[in-house]
C-alpha cells in the first residue's frame, strides 16, 4: 500500500515538475521572441535614420536614391 502511495506521489511530483518546466520554457520563448523583434526594429530604425541623415547632409546621393526608390 505504501509503495502505491509513493508511486502516485512520484507521478504527481513529476507532473508538477514537467508543468513548471513547460511554463518556464514558454516564458523564455516569449522573452526571446520579444528580444528578437526589438533587435530587428532597432536595426531597421537605424537604417532609416542613417539613410535620412546621409540625404540631409549631402546632395550627392539624391539622384541615386530617387532612382532606387522610384526608378
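Within the range 54-66, can you find the residues that are in a helix (DSSP H, G or I) and exposed (fewer than 10 other Cβ atoms within 10 Å of the Cβ)? Those that are in a helix (DSSP H, G or I) and exposed (fewer than 10 other Cβ atoms within 10 Å of the Cβ): 56, 57.
The rows are residues; the columns are (1) touching a helix residue (DSSP H, G or I) at 6+ places or on another chain (Cβ under 6 Å); (2) assigned to a helix (DSSP H, G or I); (3) exposed (fewer than 10 other Cβ atoms within 10 Å of the Cβ); (4) at pLDDT below 90.
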residue: 3; (1), (2), (3), (4): no, yes, yes, yes
residue: 12; (1), (2), (3), (4): no, yes, no, yes
residue: 15; (1), (2), (3), (4): no, yes, no, yes
residue: 19; (1), (2), (3), (4): no, yes, no, yes
residue: 24; (1), (2), (3), (4): no, yes, no, yes
residue: 33; (1), (2), (3), (4): no, yes, no, no
residue: 40; (1), (2), (3), (4): no, yes, no, no
residue: 45; (1), (2), (3), (4): no, yes, no, no
residue: 52; (1), (2), (3), (4): no, yes, no, yes
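The values are calculated or read from the model by the stated rules, or taken from the named source; none is laboratory data. All values reported here derive from a predicted model rather than from experimental measurement. With ideal geometry, Cβ positions are generated from the backbone for all residues, glycine too; neighbour counts draw on all protein chains shown.
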